[in-house]
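S.K.: Have a look at this one.
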Amino acid sequence: MTERITSRKNDAVRAAARLAQSAAARRESGLFLCEGARLCADAALSGAAIESLFFTEKAEEKYAAYLAPIERAAKRAFLVSEPVEDLLSCTGASQGVFCVCRMAEKRREAELPLTHCLALETLQDPGNLGTALRTAEALGIGSVLLAGECCDVYSPKVLRASMGAVFRLPIFFAESLPEALGRLSARGFFSCAAVPDSAAEPVTRVDFSCPCVMAVGNEGNGLSREAIDACDRRVTIPMLGRAESLNAASSAAILMWEMTRGGGVRRDG
């Protein structure tokens with residue numbers, strides 16, 4: 001049964017708003033807030049555990065098709081006023097649809113399937129992370145490994161930029177990329193360190209017929225020296241223009257395309 005909320009001081013509303021604003025609140029509760037009709041529907045259709053749904057009267061009229069699967073999945077549903085919508089929204093053009101979801105169980109690198117993997121070390125920009133996840137899903141990369149102090153995969157900006165890939169793409173975590181690479185090598189992966197170095201091997205010449213971990217580093221500093229040393233080879237993206245490097249998301253997209261374009265190892269489905 002749908003409940004109505006008109007006050008911004010409502011406990012459920014204030015708790016949901018904190019999830020959008022605070023990574024600490026998300027970590028402590030194991031919950032996160034999704035915003036947007038399509039993103040919330042993606043969460044429901046992808047099997048995410050939806051604790052609560054918030055929507056406005058306008059959204060009920062305009063996004064009925066998106067709301068239907070969310071309402072079926074949500075434990076509680078709330079019809080909210082525009083002031084409440086304003087409190088929950090992190091965008092300049094709210095669609096009036098929000099849902100509080102429970103985080104998936106955290107998976108460690110030991111569970112990585114033996115397929116191509118994109119490894120991101122200490123990536124800090126939410127837009128870069130979300131875009132990399134979206135591209136990985138689109139290209140059929142088997143998994144993504146987040147290592148070191150990456151930004152929160154459940155932050156509103158990452159969720160929006162990923163276009164729902166967060167819910168569908170196998171994502172794994174490791175505290176140390178160099179240590180994880182050693183263990184993955186023992187399991188049969190070969191690894192590549194992406195570096196902006198003309199002396200490195202052009203990625204276009206690499207044979208990706210075997211499962212590969214492609215390591216991409218932080219926006220400002222790139223991969224750590226330890227991570228580079230732990231990889232089997234160093235690869236670079238050949239560039240003809242005057243730019244010395246690309247941003248992390250652009251680099252990851254090109255590298256993943258090279259990993260898969262020759263019919264290399266992909267995930268099922």
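The values are calculated or read from the model by the stated rules, or taken from the named source; none is laboratory data. As the structure is a prediction and not an experimental result, all values here were calculated from the model. Please note: Cβ atoms are built from the backbone with ideal geometry, for glycine as well, and neighbour counts cover all protein chains shown.
S.K.: As an exercise: evaluate P170 against (1) in contact (Cβ under 8 Å) with a residue 60 or more places away in the chain; (2) crowded, with 22+ Cβ neighbours inside 10 Å; (3) under 17 Å from H116 (Cβ atoms) and give the number of the one condition it does not meet.
M.R.: (2)
S.K.: Anything in segment 132-152 that is within 8 Å of the chain's Cα centre (by Cα) and crowded, with 22+ Cβ neighbours inside 10 Å? List them, or say none.
M.R.: We begin by selecting, within segment 132-152, every residue within 8 Å of the chain's Cα centre (by Cα); these are 132-134.
Residues satisfying the conditions are A132, L133.
S.K.: For segment 115-149, what are the residues that are charged (D, E, K, R) and either in contact with a Lys or Arg (Cβ under 9 Å, 6 or more places away or on another chain) or not in a loop (DSSP other than H, G, I, E, B) (or both)?
M.R.: The initial filter retains those residues of segment 115-149 that are charged (D, E, K, R), namely 121, 125, 134, 137, 149.
Matches in segment 115-149: E121, D125, R134, E137.
S.K.: Ok, one more. I'd like the residue in segment 105-120 that is modelled with pLDDT of 90 or more and out of contact with any Phe, Trp or Tyr (no Cβ under 8 Å at 6 or more places or on another chain) and, out of all such residues, is farthest from A136 (Cα to Cα).
M.R.: Here the residue is E105.
S.K.: I've got another one for you. Being in a helix (DSSP H, G or I) and crowded, with 18+ Cβ neighbours inside 10 Å is the filter here, so list the residues in segment 103-114 that pass it. Explain how you work it out, then say what you get.
M.R.: Keep residues of segment 103-114 that are in a helix (DSSP H, G or I), which gives 109-111.
Correct list: E109 only.
S.K.: Sticking with this one: Return the only residue of G142, G130, G92 being modelled with pLDDT under 95, assigned by TED's automatic domain parsing to the domain that holds S250 and either touching a Pro at 6+ places or on another chain (Cβ under 9 Å) or not hydrophobic (A, V, I, L, M, F, W, C) (or both).
M.R.: Working: G130 fails: modelled with pLDDT under 95; G92 fails: assigned by TED's automatic domain parsing to the domain that holds S250.
None of the others qualify; the one that does is G142.
S.K.: Right, next: Could you check A186 against (1) more than 20 Å from L129 (Cα to Cα); (2) touching a residue at least 12 places away in the same chain (Cβ under 8 Å) and say which number it fails?
M.R.: Single failed check for A186: (2).
S.K.: Is it fair to say V158 is touching a strand residue (DSSP E or B) at 6+ places or on another chain (Cβ under 9 Å), of a type in the set (A, V, I, L, M) and buried (at least 24 other Cβ atoms within 10 Å of the Cβ)? Explain how you work it out, then say what you get.
M.R.: Working: touching a strand residue (DSSP E or B) at 6+ places or on another chain (Cβ under 9 Å): no; of a type in the set (A, V, I, L, M): yes; buried (at least 24 other Cβ atoms within 10 Å of the Cβ): yes.
No: the conditions fail for V158.
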